[in-house]
Amino acid sequence: MEKPKTPSPLAWKEKLAFLWLVLFTCAAGLSQVWISLGYDVQAVPEEAYRPPFRLMQHLLGTDQLGRDVLLYLIHGCRTSWLLAFPPMALATLVGILSGTIAATLGNNGLKISLGKLFLSGLLLLALFYFYPLFQWSTRQWSGAFQFAVYIGCALMISYPLVKVSQKSFFKWGNKKVTIPVDEGLQKIIGIWATFPKLLLLLILTLFTPFSILTLMFWICATYWVLPARVSRGMVLQLQKESYYETAQALGIPFKRVFTHFMWPQLKGPLLTNFCFAASGLLGIGSTLAYLGIGLPADVPSWGKMLANARFSLEAWWLIAFPSVVLLASIFSLQVIGHKFSSQAKA
Amino acid sequence: MTLPQVSLRVLKFFFTLWFTVSCVFLVSRLLPSVNNPRGLADADSTVYGTSNQNTLQKITSDYLTRTGYNRPLFYFSFQLKGLETAENIKPMAEATRWLSAAVLRHGVVPSQAFYKEWQNWKKTAPPEKVNQLQEHLQRWAGAELNEEISSLKKMISRFLQTTSSDENSLSKTWGKLISQNAPLSYHLPLLRWHGKDNVYHAWLSGLLQGDLGTSTVDYKPVYQKIGSALHVSVGLGLLGLLPALLASYLLGFAFTLHPTSVYTSVLRHFLYFLDSVPGFMITLVVFGIYFLAGGSLLVPFSSGEPDLLQTMGTPPVLLGGLCIAFFIIPHLTLQFYHSLQTQSRSLYTRTAMAKGLSYRRSLRVHALPNALVPILTLLSEVVIGLVSGVLIVEITFSLQGIGSLLVKSILSNDYPVVVGITLFLLVFRLAVTTFTDFLYLVLDPRNQSNT
């Protein structure tokens, strides 16, 4: 639990990795600024296949459409950054939430009386049944507002109803049913882990039109499984510790237990997992672009450059530069991940 | 195991299979533009770009009738009461859409009156007027926003007044129609039972007869397409997997035998490096080296159906196999090495060595069987993961396998093929995991002593 007083000095490898990631993020930011200013990569067919290091305006050469490779790579940074970090952060959050909830509630933690369950089921059915009616009678409102109002009203009516029905009129209504939350999560994880991630992403992208935003969503939906597993396992392990039992016995509220007892333990493995998963995601994002799936045609990406480069192997700079950038980003993340994992072990 | 236990397991297996298959199909019906013929939903609409609303609707409804997708999706469904009432009028195909909208918005009696009047008017009116009115009505039926609906209403009223009709009764019935409101109860959903005549039932019974439907791109049967693609993919997978298994075994063994050697540390670092390089870059490097060395991917022409051995002998498949071996070897070797190392440190290996066995022999006889057990699970994962490796290789080397078929059908929205491949992969996965479980039962002596 105690933190080392002085953090171990960074090895040169780690310094380099941090530097690279900072540069990577800066490039992504720069590209975002350029895009918001309307300054995009221009295709100039007369300038196609200029070799690198000859001209100042095309320092890294040009590709088959005459686009500047350096500029394209910087714009590719933005795509890769967007596809790796925000979805992974969200996925980690979802994973922590679901894993912690499943581990703390377990298979016997959530008990609902049969009467309440029956009542909520009835209310849900009624909610479903009367929605078209509501939709029609309030048709001058906009769709989202309509939905929000309906859900709001339904909650206001049904919550007190369920709350008040403490004692059911029937005997069977007081029977408690346990909901196996943990087992449910395990089942869901089992379903998500059916396919390799690349295949799952390929199939999921079919459901929405190709764009960065939808791809980010699907990546998030695919990658929450591992953080959920990690945090579930850690919390289960933690519950056997005596200080956790003490905290329970003292009646410390869950929020505080989480922030003061669980989070310090969870942090290390989750950060490690974040780094390794993000490095894998850089690879997956480029692979999807390489296959031409998930990203619209006008979004620049390193994978697309590599995919096109295979038709013109003589232009070595079209393979070399994106590969170097991609590998450097992947390995930087892995070096940092190794650092976190060794820190967690120490 | 006793007979009831076995039959329970078999029953559970088939239930899982049926449930998964049904879920895949029902979810696939949620895909966007699944109910449109090809090209109709394209953003640039090059195919049907100049056609008007009527033609587009006619094409879609023809397509739906031809494919049988106009039937309900499942055995039962929920439908608004108003829509059911509209169906009872039994309108002509071109009037179905706007008539059901009219019934839902303004009630059944005036809608029926308008429909009758419209039928009479249609017989005598000039065709372009009929078409214009049809277009307006379709747009009115499709409109969702309130302002749009009311403006279209006014437009139709004006249009009907200006049409040169003697008594202009159509305009009158239209006025009567839009002045009334449908009862609110029309917006309550009703449960409807459809019986066997639904899309799911037809699909499932087709599946049981080995019919997965036809591709929407070239109208070939899906199972035929998958079958011919499987040929290449199996060859590729075997060419990658078998050498990789051998290499991993030898490498892992060598690493354990000589843990301090320079080669071991260099090779291990190289394997760690290779493990984190994305697969398509490895493929590109192999591809590039082969081409720069003067190789070509031309396949010698052969007559007749190529058999598996023949396919495996062609240069692109051989190279692809090499790439796949490179994908698998790092992970497999490192895990095998780790497992073997753990076992070699255990007490029983020390005992074996104390009794006079050499290190190599004690590893092979005593540590290896124990080290292989956790590898079995890993192996089943590797075999399942092989599919994504095969996919990348097939795209790069332009091979006609399962992976490239999947990518192509995703890019061309060929849903029957995508569903077929997904089902195939699910069954493949199920077979692999079941086989692994079975192997555990056979190989692990602890399981035998229990029964």
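FYI, it's all coordinate maths here, none of it is from the lab. All values derive from a computational prediction rather than experimental measurement. Methodologically, a virtual Cβ is constructed for each residue, glycine included, from the backbone with ideal geometry; neighbour enumeration extends over all protein chains shown.
Distance between the modelled labels on B:LEU204 and A:GLU14, one decimal in nanometres: 5.8 nm (7 Å Cα→Cβ projection). Applying D = kT/(6 pi eta Rh) to chain A, where Rh is the Kirkwood radius over alpha-carbon pairs, T corresponds to 25 °C and eta to 0.890 mPa s, the Stokes-Einstein value obtained is 101 µm²/s. Charging the Cβ of each Asp and Glu at -1 and of each Lys and Arg at +1, and nothing else, the dipole of region B:76-193 about its Cα centre rounds to 180 debye.
For region A:54-169, averaging the sequence separation of C-alpha pairs within contact (under 8 Å, six or more residues apart) and dividing by the residue count gives a relative contact order of 16 percent. Quick one: Debye curve from the alpha-carbon atoms of region B:222-450 only, equal weights, vacuum; give me log10 I(q)/I(0) at q = 0.14, 0.17 Å⁻¹ to two decimals. For region B:222-450, the Cα-only Debye profile gives -0.98, -1.24. For chain A, the longest principal axis of the Cα atoms and the long axis of helix A:181-192 meet at an angle of about 30 degrees.
For region B:222-450, the Cβ-based charge dipole about the Cα centre amounts to some 960 debye (Lys, Arg positive; Asp, Glu negative; other atoms uncharged). For region A:242-250, 3J(HN,Hα) computed residue by residue from phi via the Karplus equation (6.51, -1.76, 1.60; θ = phi - 60°) reads 6, 5, 5, 4, 4, 4, 4, 5, 6 Hz, glycine and proline entered as x.
Just want to confirm a number: the relative contact order over region B:353-429, from Cα pairs under 8 angstrom separated by 6+ residues, in percent. Present the calculation step by step, with values, prior to reporting the outcome.
Values: 27 pairs, mean separation 12.9, N = 77.
Value for region B:353-429: 17 percent.
Computed from backbone phi, the HN-Hα couplings of region A:53-69 come to 6, 10, 10, 5, 7, 10, 4, 9, x, 10, 9, 5, 9, x, 7, 5, 5 Hz, rounded to whole numbers (Karplus: 6.51 cos²θ - 1.76 cosθ + 1.60, θ = phi - 60°; Gly and Pro given as x). For chain B, the relative contact order is 17 percent, taking Cα pairs closer than 8 Å that sit 6 or more residues apart in sequence and dividing their mean separation by the residue count.
I'd like the orientation of helix B:108-124 relative to chain B: the angle between its Cα long axis and the longest Cα principal axis, in ° from 0 to 90, rounded to 10. Compared with the principal axis, the helix lies near 80 degrees. For region B:62-78, the Karplus equation 6.51 cos²θ - 1.76 cosθ + 1.60, evaluated at θ = phi - 60°, returns couplings of 4, 4, 5, 5, 5, 8, x, 7, 6, 6, x, 6, 10, 5, 9, 8, 9 Hz by residue, with Gly and Pro reported as x. Restricted to Cα atoms, region A:241-290 shows a radius of gyration and a Dmax of 17.7, 56 angstrom. In chain B, the DSSP-assigned H stretches of four residues or longer account for a calculated mean residue ellipticity at 222 nm of -23500 deg cm²/dmol, using -39500 (n - 2.57) per stretch and the full residue count as denominator. Dipole magnitude for region A:110-179: about 440 debye, using +1 per Lys or Arg Cβ and -1 per Asp or Glu Cβ, origin at the Cα centre.
Close amide-amide hydrogen proximity is noted between B:VAL217 and no other residue 5 or more places distant or on a separate chain, at a cut-off under 5 Å (H modeled in the peptide plane; Pro and chain starts excluded).
Residue-normalised convex hull volume from the C-alpha trace of chain B: 242 Å³ per residue. Between A:TRP34, A:TRP224, A:TRP141, the GNM of chain A built on Cα springs shorter than 10 angstrom shows A:TRP141 fluctuating the most.
Between B:THR16 and A:GLN248, the C-beta separation translates, for a Förster distance of 41 Å, into a calculated FRET efficiency of about 0.60. Remark on B:LEU190: its backbone amide H falls under 5 Å from those of B:GLN79, B:LEU80, B:LYS81, a criterion applied only to residues 5 or more positions apart or on other chains, H modelled at 1.01 Å from N. Per residue of chain A, the DSSP helices (runs of n ≥ 4 H) give a summed -39500 (n - 2.57) that works out to -23000 deg cm²/dmol at 222 nm. Within the listed set A:ARG54, A:ARG67, A:ARG232, the residue fluctuating most in the Gaussian network model of chain A (springs between alpha-carbon atoms under 10 angstrom) is A:ARG54.
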